[in-house]
Amino acid sequence: MSEKSKEPGVLGNLFKTFFAKHWPVWVGAIVLGTLNILLFAIKSPWGASGGINNWGENVFKLVGIFGLENATPTNASLYGMLCLFLVIGSFIGALFSKEFAFRIPPKGELIKGFIGGSLMALGATFGIGCTIGAFFSGMPALSGGAIIFTIGLFIGTIIALKYLMWEMEKFPKFSSGKSYVFLSGTGKSGSWQIYLAWIVLIITFIISYQYSGNNKIMAWFIIIGMLMGLISQRSRFCIVKAFRDPFMTGEADGSVGVMAGLLIGVFGFTIIKYFGIGIGDVAARAREMTWVFPHFFFRAAIGGFVFGIGMTIAGGCAVGTLWRVGEGQVKLWASALGFILISPISKLYIVPPIVNSLPQSLDFKNYLPDYLGYPGAFALVLIIILIWYVFVKWNEKTGRFSAF
Amino acid sequence: MEYKIDQTLDCKGLSCPMPMMKLAKAMKGLKSEEILEMIGTDPGTKSDLPRWCEKSGNKLVEEGELEGGIFRFLIQKK
């Protein structure tokens, strides 16, 4: 009898389904792809580097340097809030599953985190987008620049992985040393994490509700951002994993997951663009060109390459950094700090002198349907995903390109 | 069941990809049937490690959680 009473009820089992184990990456990616379509339907697609840049601008505004007094306050910035609630959503997911803890790595790892984050900021500014805006949303947006950005990401990732392996071989002490863990939720004494998760979740809904009167889009960005963080944390959704793991351990799960999300996105985005859904006051052409950036091909190539190096060294892409911040991984706090501080500096001082000296023909908006029609553009993106799938599955089986 | 541990790999404080990189490298140095103990704090390892064992043919003979948010795995080389 007493044993029977210990069995979780219907709701208990539902809770366990979400928080007892990690979700398969492909499940998380499909939900994230769907939420991305919803963001596009109500306003514009998912992006991460713009929101992080907004945080950076507000940091410098507070300090009073770089003349950023006109920067949009984060509580009025859709993407600033989306990113903020992505971190909060991951915090909620980690707390519910008792996986939250402050994990402080050895010093060398903190340095790599900061350098990786800084390179991601530089790459995202140069490439006009990160792994989310210029890849996970850019490919479904049928942007030619997104394909170039993706090639850059691959090359950057492979080179940085070679560096990490060299470092591990020649300087193993760099990633060893003292580390600390605080406030972990192991065992029954960790139940406080679940109570705190409920409190933060309720506060999130209250904040969203407060926006719902005057700024309905913001209200939904807050909820969707929170869900994106929670889902990313539970499924360990990380784009650097998708690019890196086939060349590291040979595993294809992360890649296949991201492909599933891309596939959903391609269908949803194409339908939105084709039918002009959510067009509002915007011209039909402007709706079509959403998330098609003037970076084809030079800025996309260099931006993707630098971003690929940065995310591999940091151990998390833009979204991978954000949700690991919410989980308490202090290495990724260093990465976020690098991203936050270097992004506005790149935007103001590093990138403009370079791009202003380039001919315009090197960087324009390349919208694939303009060249291939909607069927051709749609088919091209699907073929790229299929080729990538065949490659990672073949490589998983043969280990031809994997290091271990 | 008690296992004889041949090598211990400390990955505490490290986050993805370092634990899996260090693990894959350490396993290369072991002989067949030898057992490696890995301890770490990255929750990602809980799903990455079993998947990697399945793929590589090495056997995950034990996994558990210690106090203080530390995960412990015993892996037997194939």
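The values are calculated or read from the model by the stated rules, or taken from the named source; none is laboratory data. In this text the structure is predicted, and so the values were computed from the model without any measurement. Please note: Cβ atoms are built from the backbone with ideal geometry, for glycine as well, and neighbour counts cover all protein chains shown. Ligands, DNA and RNA are excluded from the accessible area calculation, which covers all protein heavy atoms including side chains. Shrake-Rupley method; radii C 1.70, N 1.55, O 1.52, S 1.80 Å.
Could you identify the single residue in A:176, A:97, A:189 that is touching a Pro at 6+ places or on another chain (Cβ under 7 Å) and polar (S, T, N, Q)?
None of the other options fit; the residue is A:176.
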| remark: Looking across the stretch A:381-404 at residues that are without any contact (Cβ under 8 Å) to a residue 40 or more places away in the chain and in a helix (DSSP H, G or I), the single one that is farthest from the chain's Cα centre (by Cα) is A:398
| task | Considering only the stretch A:284-312, state which residues are farther than 18 Å from residue A:41 by Cβ, out of contact with any Ser or Thr (no Cβ under 9 Å at 6 or more places or on another chain) and either open to solvent by less than 20 Å² (accessible area, probe 1.4 Å) or not in a helix (DSSP H, G or I) (or both). | result | A:294, A:297
| query | Which is modelled with pLDDT of 95 or more, closer than 23 Å to residue A:88 by Cβ and surrounded by fewer than 24 Cβ atoms within 10 Å (Cβ to Cβ), of A:341, A:332? | reply | A:341
| field | So residue A:162, is it over 28 Å from residue A:80 (Cβ atoms) and either buried (at least 20 other Cβ atoms within 10 Å of the Cβ) or not aliphatic (A, V, I, L, M) (or both) | value | yes
| note | Note on the stretch B:19-35: residues within 14 Å of chain A (Cβ to nearest Cβ) and under 12 Å from the mean Cα position of the chain (by Cα) are B:19, B:20, B:21, B:22, B:23, B:24, B:25, B:26, B:27
| note | Counting only residues that are open to solvent by 10 Å² or more (accessible area, probe 1.4 Å) and either free of Cβ contacts under 8 Å to residues at least 60 places away in the same chain or farther than 16 Å from residue A:195 by Cβ (or both), the stretch A:90-102 contains a total of 1
| Pairs, first more than 15 Å from residue B:41 (Cα to Cα) and at the interface with chain B (Cβ under 9 Å from one of its Cβ atoms) in the stretch A:174-199, second open to solvent by less than 40 Å² (accessible area, probe 1.4 Å) and among the small types (Gly, Ala, Ser), C-beta under 8 Å, six or more apart | A:190/A:184
| remark: Scanning the stretch B:52-78 residue by residue, those out of contact with any Phe, Trp or Tyr (no Cβ under 7 Å at 6 or more places or on another chain), without any contact (Cβ under 8 Å) to a residue 40 or more places away in the chain, surrounded by fewer than 19 Cβ atoms within 10 Å (Cβ to Cβ) and among the hydrophobic types (A, V, I, L, M, F, W, C) turn out to be B:66
| Somewhere in the stretch B:1-14, is a residue at pLDDT 90 or above, open to solvent by 60 Å² or more (accessible area, probe 1.4 Å) and touching a helix residue (DSSP H, G or I) at 6+ places or on another chain (Cβ under 7 Å)? | yes
| task | Sort out which residues of the stretch A:35-53 are open to solvent by 60 Å² or more (accessible area, probe 1.4 Å) and either aromatic (Phe, Trp, Tyr) or more than 15 Å from residue A:79 (Cα to Cα) (or both), and write them in order of number. | result | none
| request: Can you give me the number of residues within the stretch A:270-304 that are in contact (Cβ under 8 Å) with a residue 40 or more places away in the chain, of a type in the set (Lys, Arg) and within 16 Å of residue A:370 (Cα to Cα)? | output: 1
